[in-house]
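Visitor: Please read through the structure below; I'll follow up with questions.
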Amino acid sequence: MSTDREAAHAMAVVEPVVESVVELWHRARRDVAPTVSEQQLRALAALSESACALSSDTLADCLGISRSSVTRLCHRLEARGLVRRTPAGRHVEVALTGAGRTLLEATRQRRRQLLEQALWVSPSPEQRILRDALGLVCGFVGAKAWVPRPRKPV
């Protein structure tokens, strides 16, 4: 039973931290590219992690959205010059353009600035503890297998 209480306590401590980091992510996007949606930014990030262009089917799977949704999303990104779509047989391949890469990097840079500002308000020894704790959390989350989200929201 104490394990359940410890887990509940850990969740109570971690959840506000995660919410704060998510808000920081949103603020960076709004500061740099307010007209780019969260979903569009996720698509750009997924494309940037790939060494080559992705099929629209693969991108849809990465984002956990339907093929038709990813087609519309990529059409909007292409219209803005952030991705390039190229027919490849029966599929369409999607690649990040230089403008898309620049926007994504500017958003990441702004996120780093916001995070740095947040960390500078704490005393120096606490910064190291916080950095180490966040590193552990990232390691735990990254080590877990990816679980696809349900297609229909609860």
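Visitor: Could you look at the chain and say what percent of its accessible area is carbon and sulfur, using a 1.4 Å probe and all protein chains?
Guide: 61
Visitor: How much mean residue ellipticity at 222 nm does the chain get from its helices, if each DSSP H run of length 4 or more adds -39500 (n - 2.57) and you divide by all residues, to the nearest 500 deg cm²/dmol?
Guide: When only DSSP H runs of four or more count, the value is -23500 deg cm²/dmol.
Visitor: Give the accessible surface of the chain per residue, rounded to a whole number of Å², with probe radius 1.4 Å and ligands, DNA and RNA excluded.
Guide: 69
Visitor: Something else: Can you list the HN-Hα couplings for region 22-29, worked out from phi with the Karplus curve (6.51, -1.76, 1.60; θ = phi - 60°), rounded to whole Hz and with x for Gly and Pro?
Guide: 5, 4, 4, 4, 5, 5, 4, 5
Visitor: Can you list residues whose amide H is under 5 Å from VAL83's amide H, if they're 5+ apart or on another chain and H is modeled 1.01 Å from N?
Guide: Residues meeting the amide H criterion: GLU78, THR97.
Visitor: For region 1-71, take N as its residue count and report Rg(C-alpha) divided by 2.2 N^0.38 Å.
Guide: 1.55
Visitor: Most mobile of GLN39, GLN113, GLN127 per a Gaussian network model of the chain (Cα springs, under 10 Å)?
Guide: GLN127
Visitor: Additional query: Report the full-extension gain for the segment ARG72 to ARG27: residue separation times 0.36 nm, less the Cα-Cα distance, to one decimal in nm.
Guide: Taking 0.36 nm per residue and subtracting the Cα distance, the gain is 13.7 nm.
Visitor: Sticking with this structure for a sec: Once the Cβ-Cβ distance between ASP61 and THR86 is put in as r, and R0 is 30 Å, what FRET efficiency do you end up with, to the nearest 0.05?
Guide: The formula returns an efficiency of 0.95 here.
Visitor: Please pull out the direction-averaged projected area of the chain, using the convex hull of its alpha-carbon atoms, in nm² to one decimal place.
Guide: Projected over every direction and averaged, the Cα hull of the chain covers 11.9 nm².
The values are calculated or read from the model by the stated rules, or taken from the named source; none is laboratory data. Everything numeric in this text was worked out from a predicted model, so none of it was measured. Cβ coordinates were reconstructed from backbone atoms using ideal geometry, including for glycine residues, and neighbour counts include every protein chain displayed. For the accessible areas, the whole protein counts, side chains as well, though only heavy atoms, and no ligand, DNA or RNA atoms are used. Shrake-Rupley method; radii C 1.70, N 1.55, O 1.52, S 1.80 Å.
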